[in-house]
Amino acid sequence: MKPSNRLLLPRFKVRLLLALLLTSAGSALAQPSLTRQPTNLSLSIGATATFRAYATTSNGPMTYQWRHQDTPLLNATNAMLTLSNIQLADAGVYLVAVSDASGTTNSAPALLDVDPTWTKITTDPIVKEYDIHWGDAAWADYNNDGALDVFLTTARASVGLSGFGPVALFRNDGAGHFTKMTTNEVGSLAAARTDTYVCCWGDYDNDGWLDLYISANSTIATGENRTELLYHNNGDGTFTKVTRGSPVNELGASFGGWLIDVNRDGFLDLVTLQVLAPDHGSVRYYRNNGSSNAWLCVQCVGTASPRSATGTKVRVKATIRGKSMWQLRVIDPGGFANAQNFTAHFGLGDATNVDVLRIEWTSGRVQELNNVPARQYLTVTEPAALSMPQPGELHIQCWQGMTYRIESSTNLLTWESRATVTSTNLSGGAGWTDSEIPGDTARFYRAVKQ
Ligand SMILES: [Ca+2]
Ligand SMILES: [Ca+2]
Ligand SMILES: [Ca+2]
């Protein structure tokens, strides 16, 4: 009978094999094992970066040491690493070394990318506001200081909360900081409670100060808060709740509302879309009967800018009741459920004209018109952007369907009509080539919108 090989192994070989097996088994049990690796992050300046790693061991306890670019970080000895208010210098590779009684295991490296495009603001009051849910945000310069402020509403029912939520008016100081207005500063508006998705600004009495409409609660069938809210801007930073008339006294519930000049008489009318009894499914239309106050409506047509002029800032300077002041509107289709039109409406009080109408197009162009008469709808087209890639080869940046008369001059005093061109391509732009390119004489061109 042939003896087995195991019985023939010399004694020292048996000891060596056992030692190797024990070493191998001991190492497998003791070395920390990473069950969750930290992952790459891409964040903005000011944000909080959090890396997490989970590990297990049978030979605890475990300790953690996070490293940044191979340098150990002070007080970074937990499974989770939190870096607040990150800066560009915090970018780079992070990993954590997990140790137990028998050894150390490094996690996979994780990259923190710090994007300099944005800075996350974490301390301004507007980002510390916790009571606003699922409402509307209406931006406007209510105090005529040139900086856009914002009013926020709450629709608590939409997130399963009962009762009526708060509103919040934040005043912009023009340097990027917001202050939440209190009743001491703006009056009872700051304490209003609604359940609504809809609000919008509009100078319904044309006194030069933006007033505020807030729709009736949209989903809660409770009596006292089921009227539209209208706040009149007193021009001194405060508001007075309007208490007279049907819009603010008839029960209803609207899911959509607009201050809009339906009949183009320069006074904003009020239109609401009712969703509960007694006018369920109907539209309420309140025509503004106006006053002696003047007004101006500006409709902008972009060429190099968007044709609708969305985003364009329109400012007017007028003397109202002896005080010269600027007003600002931004061409903006509006917020949730209350889309506005593209007309910039200004109340002008007792002013007879606008001293300066300034249009800041999104293309970067700035256009100013002086002594513009009040009480008119005025359409302003962005001046054509001309370029000449080759001598005599004229290009006009404009939108499809726009027509221009091209004129030329050698002295900038007398102009000769040369051609009429219309942009026909969808991407915009019109071209024309001058077949009479002068020799050594300068020639100027201009395009006049038709
Ligand atoms: Ca303002
Ligand atoms: Ca007003
Ligand atoms: Ca009207």
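The values are calculated or read from the model by the stated rules, or taken from the named source; none is laboratory data. Keep in mind the model is a prediction, meaning the values are calculated, not measured. Every residue, glycine among them, receives a Cβ derived from its backbone with ideal geometry; neighbour counts consider all protein chains shown.
Key figures
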read-out	value
Flag for Pro166 being closer than 29 Å to Leu43 by Cβ and either away from ligand 1 (no atom under 14 Å from the Cβ) or over 20 Å from the mean Cα position of the chain (by Cα) (or both)	no
Of all residues making up segment 149-197, the number that are on the phi < 0 side of the Ramachandran plot and either at pLDDT below 85 or within 16 Å of ligand 3 (Cβ to nearest atom) (or both)	16
Selection within segment 79-136 - more than 30 Å from the chain's Cα centre (by Cα) and either among the hydrophobic types (A, V, I, L, M, F, W, C) or closer than 24 Å to Gly174 by Cα (or both)	Ala79, Met80, Leu81, Val93, Leu95, Val96, Ala97, Val98, Ala101, Ala108, Ala110
Residues that are within 16 Å of ligand 3 (Cβ to nearest atom) and crowded, with 19+ Cβ neighbours inside 10 Å, drawn from segment 270-285	Leu270, Thr272
Cross-chain or 6+ apart pairs with Cβ under 9 Å, segment 189-209 first and within 19 Å of Phe164 (Cα to Cα), then at pLDDT below 90 and within 16 Å of ligand 1 (Cβ to nearest atom)	Cys199/Ala137
From Thr117, Thr71, residue being of a type in the set (S, T, N, Q), loosely packed, with under 14 Cβ neighbours inside 10 Å and farther than 30 Å from Leu328 by Cα	Thr71
Members of segment 364-380 found to be farther than 11 Å from Cys300 by Cβ, touching a strand residue (DSSP E or B) at 6+ places or on another chain (Cβ under 7 Å) and touching a residue at least 12 places away in the same chain (Cβ under 8 Å), listed by number	Glu368, Leu369, Asn370, Asn371, Val372, Pro373, Ala374, Arg375, Gln376, Tyr377
Qualifying position, being closer than 23 Å to Met325 by Cα and not in a strand (DSSP E or B), among Tyr204, Tyr197, Tyr231	Tyr204
Where Asp332 falls short, out of the listed (1) touching a residue at least 40 places away in the same chain (Cβ under 8 Å); (2) out of contact with any Asp or Glu (no Cβ under 6 Å at 6 or more places or on another chain); (3) part of a strand (DSSP E or B)	(3)
Residue among Asp173, Asp145, Asp207 that is away from ligand 1 (no atom under 16 Å from the Cβ) and of a type in the set (D, E, K, R)	Asp207
Flag for Thr240 being at negative phi, assigned to a strand (DSSP E or B) and more than 16 Å from ligand 3 (Cβ to nearest atom)	yes
Selection from segment 75-110 of residues that are outside any strand (DSSP E or B), closer than 20 Å to Ile45 by Cβ and hydrophobic (A, V, I, L, M, F, W, C)	Ile86, Leu88, Ala89, Ala91
Neighbours by Cβ (under 7 Å, 6+ apart or cross-chain): first from segment 234-254, crowded, with 16+ Cβ neighbours inside 10 Å; second among the aromatic types (Phe, Trp, Tyr)	Gly235/Trp209; Phe239/Tyr231; Val242/Tyr231; Pro247/Tyr286
Scope segment 257-269; condition more than 14 Å from ligand 2 (Cβ to nearest atom), buried (at least 21 other Cβ atoms within 10 Å of the Cβ) and modelled with pLDDT of 95 or more; matching residues	none
Count - residues of segment 114-148 that are at pLDDT below 85 and in contact with a strand residue (DSSP E or B) (Cβ under 8 Å, 6 or more places away or on another chain)	6
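Residue-by-condition table, conditions (1) under 30 Å from Ile320 (Cβ atoms); (2) surrounded by fewer than 16 Cβ atoms within 10 Å (Cβ to Cβ); (3) among the small types (Gly, Ala, Ser):
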residue: Arg358; (1), (2), (3): yes, no, no
residue: Gly392; (1), (2), (3): no, yes, yes
residue: Arg405; (1), (2), (3): no, yes, no
residue: Ser423; (1), (2), (3): no, no, yes
residue: Leu426; (1), (2), (3): no, yes, no
residue: Gly429; (1), (2), (3): no, no, yes
residue: Ile437; (1), (2), (3): no, yes, no
residue: Thr441; (1), (2), (3): no, yes, no
